[in-house]
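The values are calculated or read from the model by the stated rules, or taken from the named source; none is laboratory data. Predicted model, so just to flag it, every value in this text is computed and none were measured. Glycine also receives a Cβ, built like all others from the backbone with ideal geometry; neighbour counts cover every protein chain displayed. Please note that ligands, DNA and RNA were not included when accessible areas were found on the heavy atoms of the full protein model with its side chains. Shrake-Rupley method; radii C 1.70, N 1.55, O 1.52, S 1.80 Å.
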Amino acid sequence: MARKPFEQLNFADDGMFQAVMKNPEASAELVERLLGVRVKSVKYPKLEKKIAPYYATKGVRLDVYLKDEDKVIDVELQTYEMDALGKRTRYYQSMVDIDSLMKGEDYSELKDSYILFICKFDPFRDEKKEPRGLYRYTFRNVCTEDSLVNLDDKCLKVIYNASAYNQAEDPKVRALLRFIQTNEPGEDPFAKQLKEFVLKARQNEKFKRECVATRRFA
């Protein structure tokens, strides 16, 4: 597959997404819109954070990793379909938990954790291999025998299908997903701000050299 020219990078492209999310306020706003949780303070989001607890274990490189007083949030943006999405979120969750609990600490000290995937495609199919069609898929650990019983492990996984942005009831969520899918900010102030961040990043020669050096883009 031919590499995209650097000058054509959009918000959803690998590298540009992380560059824009360097802005703590932008990271917090994106998370608050898509997860509906308040991010109290983000000093500086960790980009492409690598977690590899043991030499022989498979490490993970997280797109954007946020922490505040009582929660940790992993944000991933996927532009192409991938295998084993469910197992991928499971492994990411385990790595986040290992990273957030120090030796000697009690399990009760684990922070609430959120795994947020934003996909530019529908990641779930029905028995006929047709897209399920939801714009959001939310997963919690709930008892099979009684759905009123929640495991209460303080873990939430949310997967967005940006291609179905028109289904989102919340106009702020709809506007953000629309921007991610189409690169058109419309009249939404936050989407316009993200677009401005992208244009500014394209003019950053240091960032351009880094992207070209890693062979992400031409």
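Of note:
- Candidate set: region 162-198, residues that are touching a residue at least 40 places away in the same chain (Cβ under 8 Å) and of a type in the set (Lys, Arg); chosen: the one nearest to GLY36 (Cα to Cα): LYS172
- Identity of the residue in region 29-43, hydrophobic (A, V, I, L, M, F, W, C) and either at pLDDT below 90 or open to solvent by 50 Å² or more (accessible area, probe 1.4 Å) (or both), that ends up farthest from LYS154 (Cα to Cα): VAL42
- The set of residues in region 125-144 being closer than 21 Å to ALA84 by Cβ and part of a strand (DSSP E or B) consists of ARG125, PRO131, ARG136, TYR137, THR138, PHE139.
- Count - residues of region 102-124 that are assigned to a loop (DSSP other than H, G, I, E, B) and touching a residue at least 60 places away in the same chain (Cβ under 8 Å): 1
- Number of positions in region 107-130 that are over 19 Å from the mean Cα position of the chain (by Cα) and either of a type in the set (Val, Ile, Thr) or more than 25 Å from ARG38 (Cα to Cα) (or both): 6
- Residues that are free of Cβ contacts under 8 Å to residues at least 60 places away in the same chain, under 20 Å from GLN78 (Cα atoms) and surrounded by 14 or more Cβ atoms within 10 Å (Cβ to Cβ), drawn from region 128-161: PRO131, LEU134, TYR135, ARG136, TYR137, ASN161
- Qualifying positions in region 145-158 - in a loop (DSSP other than H, G, I, E, B) and under 23 Å from the mean Cα position of the chain (by Cα): ASP152, ASP153, LYS154
- Residues of region 104-127 that are charged (D, E, K, R) and surrounded by 17 or more Cβ atoms within 10 Å (Cβ to Cβ): LYS111, LYS120, ASP122.
Matching residues to (1) surrounded by 17 or more Cβ atoms within 10 Å (Cβ to Cβ); (2) without any contact (Cβ under 8 Å) to a residue 24 or more places away in the chain; (3) in contact with a Pro (Cβ under 9 Å, 6 or more places away or on another chain):
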| residue | (1), (2), (3) |
| --- | --- |
| LYS67 | yes, no, yes |
| GLN78 | yes, no, yes |
| ARG90 | no, yes, no |
| GLN93 | yes, no, no |
| VAL96 | yes, no, no |
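- Residue selected from region 67-95 under the condition among the hydrophobic types (A, V, I, L, M, F, W, C) and modelled with pLDDT of 85 or more, by the criterion nearest to GLN181 (Cα to Cα): LEU77
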